[in-house]
Amino acid sequence: MKITRQKHAKKHLGFFRNNFGVREPYQILLDGTFCQAALRGRIQLREQLPRYLMAETQLCTTRCVLKELETLGKDLYGAKLIAQKCQVRNCPHFKNAVSGSECLLSMVEEGNPHHYFVATQDQNLSVKVKKQPGVPLLFIIQNTMVLDKPSSKTIAFVKSVESGQLVSVHEKQSIKQLKEEQGLVKNPEQRRTKKRKKTSGPNPLSCLKKKKKAQGTQPSASEKKRKRKRIRNRSTSKALSEQQITEG
């Protein structure tokens, strides 16, 4: 029985891996109902989940799930302890918390870009998750964990992608990565680091008007010396000319 369950799990995981890019380590989003069922069934999630999925896993939850378990009181104290040991993923309800089911559903909307698994015993949440293509669903039945088969919505989506009617999120990411490698699209990180050149205007100092020389200014000391030399030269030359006349 255990071998059969693992075969089905391996088949379903291959489907999600090939069509939606699900990769290890698998990120499993737990809600309070799944933690409570694991507690009652004495299931060691950290040991048994990797063994069942035959891969490395990361147990995750959200602040909304933890907040919900706190408000429910002592009856779910054990489930709260299990959830508190999980990694907390950031949800969009930082200021105003919502119910755990609503929060987990928001985490896998828009194509489940982070490739989350949803682990829950909530039937209403399970129905809504199955309407989101590409979301693996885990539940516990008879103290045994089960990976649900791909939903009809997921299979229909894959067929539409294969026929060329739709493009999956995984394919969009692959196309974008190939374009960046070929240099057809600039990497957004490079855009941030590249600084824009500021349009430099004219030098403000060059725009200043040239100062006109003030009229009536007193000559400098060097100019005074030059004038004195010229006057002396003229007087000596005049004296020499007069001496030559008298001698003649």
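Pairs from the table (Lys7/Lys153; Lys130/Lys153; Lys7/Lys149) lying more than 18 angstrom apart at Cα are Lys7/Lys153. Taking 7 Å steps out from each Cα toward its Cβ at Lys153 and Arg23 produces label points 2.6 nm apart. Cross-linked pairs Lys10/Lys67; Lys11/Lys131; Lys11/Lys159: Cα-Cα separations exceed 27 Å for Lys10/Lys67. Here region 65-103 and region 8-60 have alpha carbon centers that stand 19 Å from each other.
Using the average count of surrounding beta-carbon atoms within 10 Å as a protection proxy, the listed peptides 127-134, 44-51 rank, highest first, as 127-134, 44-51. Electrostatic bookkeeping for Ser152 treats Lys and Arg as +1 and Asp and Glu as -1; over the other residues with beta carbon under 13 Å from its beta carbon, the sum is +4.
Converting phi to 3J(HN,Hα) with the Karplus coefficients 6.51, -1.76 and 1.60 and the offset θ = phi - 60°, region 32-37 yields x, 5, 5, 5, 5, 5 Hz in sequence order, with x at every glycine or proline.
Regarding region 5-152, what's the average projected area of the Cα-atom convex hull, expressed in nm²? The orientation-averaged projected area of the Cα hull of region 5-152 comes to 8.1 nm². Here region 85-99 is scanned for amide nitrogen atoms under 12 Å from the site 7 Å beyond the Cα of Gln44 along Cα-to-Cβ, giving none. Tell me whether region 77-165 comes out rounded, prolate or oblate; compute the Cα gyration tensor, take square roots of the eigenvalues as a ≥ b ≥ c, and use a/c under 1.5 as the rounded threshold. It comes out oblate by the Cα gyration axes. Ligands, DNA and RNA excluded, the heavy atoms of Thr144 present near 40 Å² of accessible surface to a 1.4 Å solvent probe. When a 1.4 Å probe is rolled over the protein heavy atoms, the share of accessible surface on region 5-152 that falls to carbon and sulfur comes to 46 percent.
Full extension of the chain segment joining Gln6 with Val146 gains 49.5 nm, where the gain is 0.36 nm per residue of separation less the Cα-Cα distance.
The values are calculated or read from the model by the stated rules, or taken from the named source; none is laboratory data. Here the structure is a predicted model, which is why all the values come from computation and not from measurement. A quick note on method: Cβ atoms are made from the backbone with ideal geometry, for glycine too, and the neighbour counts reach across all protein chains shown. Side chains are part of the model used for accessible areas, which takes the heavy atoms of the whole protein and leaves out ligands, DNA and RNA. Shrake-Rupley method; radii C 1.70, N 1.55, O 1.52, S 1.80 Å.
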